[in-house]
Every structure is written in C-alpha cells, then in structure tokens.
Amino acid sequence: MTVIDAPATGRSTSPRWPALAAAWYIGIFCLVTSNVVLWTFFQGKTLTDNGVVVLAIVLRLVTVLLAVASIAGWGRFVPGWLLLAGLWGAAAVQLAYPIAETVVKALILTGVMEPINKGISNMSAEGWFNFGATWLIWGVPGLLFVFAARAYARRVHVDKRWVVLGILGGLGLLLGLGVIIG
C-alpha cells in the first residue's frame, strides 16, 4: 500500500500543484471536446465518425484519475508503482508527438532535411499553427505530468524501474493505438 503522507515517511515534501494542474487542464479539454462530439451527434454524425475522438477523451480521463490519485487520500489504495508508471506513461504518450514535431521542424530549419509540406514537416503558416496547437493540447499537459511524476516520486518511495517501464508502456500504448487507428 502506498503512503502519501510525506512527513510520516520522512521523505521531503513536494508540490502537488502539477498533478492538480494536469487534471484541470485535461479535464477542461475533455469537457470542450465532449461538447464538440455531442454537437456533431446532433448534426447526424455517428459514433463511428467520432470514435477516435471519444477514445482519446476516455484515455485522457484515465490520466486525470491518475493525476488526482497521486495527490488524493484515496490514491493510497492504488499501488505506488502503478501510479508512478502511469504518470510517466501519461507524460510519454502526450510528449511523443510534440517532441517529434519539434525535432523534425528543427531538422528542416537547419537544412538537415527537406520538408514534404504535409504532416509534421509542413512549414506553412498552417503547419506552424498546428505545431503550436500540438504543444498546447499535448505538450503542456505532458510537461505537467513530468512534474507530477517527479513530485510523486519524491513523496512516495517506489523503485525507479517503474519510471522506465511507465515510459515504455506509454509509448507502446501509443504505438498500438496508432496501428489500430491507422
């Protein structure tokens, strides 16, 4: 059983705001996106038309639960290794695409590669707008999850291998979803 009370364990206190900020940030995103999905249903679209978006909302709500569990009293009933791995997995999943796009754009700007003007190599105004949106929708919460995971690891003693397994598990989940969706 995980003990979250830092003073009782002798561990240093650490901030809880990153987990709370991540939960609110993603929660608001899920609320807005759910309203858009509902609006499309009223316009005659089906679940098939919005299935990927609904799946993304559900998965992001799971990350909200992870963030809240890492700071709430009821979170002590969740194994610490599961929370730490989940927090790092959520960070990895959400940072994978923004980091990849940043690397590709940097390679293009430095002349190492040529753009194909679609996807993450799109260097038009639309491509840069999408780059900013990617960081806003995925990168910011991903960074908040990095901060939340680090803070949780300072409060609760969990073997560091769960950091690596969480990151690899998150990236594996992302790859699996890509294969299923694509």
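The values are calculated or read from the model by the stated rules, or taken from the named source; none is laboratory data. If you're wondering where the values come from, they're calculated on a predicted model, not measured in any experiment. Here Cβ is always computed from backbone atoms with ideal geometry, including for glycine, and neighbour counts include all displayed protein chains. Please note that ligands, DNA and RNA were not included when accessible areas were found on the heavy atoms of the full protein model with its side chains. Shrake-Rupley method; radii C 1.70, N 1.55, O 1.52, S 1.80 Å.
Quick look at the numbers
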quantity	calculated
Accessible surface ranking that places the most exposed of E114, E126, E101 first, with a 1.4 angstrom probe	E114, E126, E101
Directionally averaged projected area (convex hull, Cα atoms, the chain), nm²	12.4 nm²
Only Lys, Arg (+1) and Asp, Glu (-1) charged, at Cβ; the chain dipole about Cα centre in debye	560 debye
Extension gain, T110 back to I28 (0.36 nm per residue minus Cα-Cα distance, nm)	25.9 nm
Percent carbon-and-sulfur accessible area, the range 16-181, ignoring ligands, DNA and RNA, probe 1.4 Å	77 percent
Residue among A22, V104, I180 farthest towards the positive dipole end of the chain, charges placed on Cβ	A22
DSSP H segments from the chain that extend 20 Å or more along their own axis, Cα-based, with Kyte-Doolittle mean of 0.0 or above	17-42, 47-69, 80-109, 140-155, 161-181
Ellipsoid equivalent to the range 19-74 - semi-axes via the Cα gyration tensor, in Å	27, 10, 7
Prolate/oblate/rounded label for the range 13-108 (Cα gyration tensor, a/c 1.5)	oblate
Potential extension, M123-V58 segment - 0.36 nm per residue separation minus Cα distance	20.2 nm
Of L31, L165, L20, the one that fluctuates the most in a GNM where the chain has Cα springs shorter than 10 Å	L31
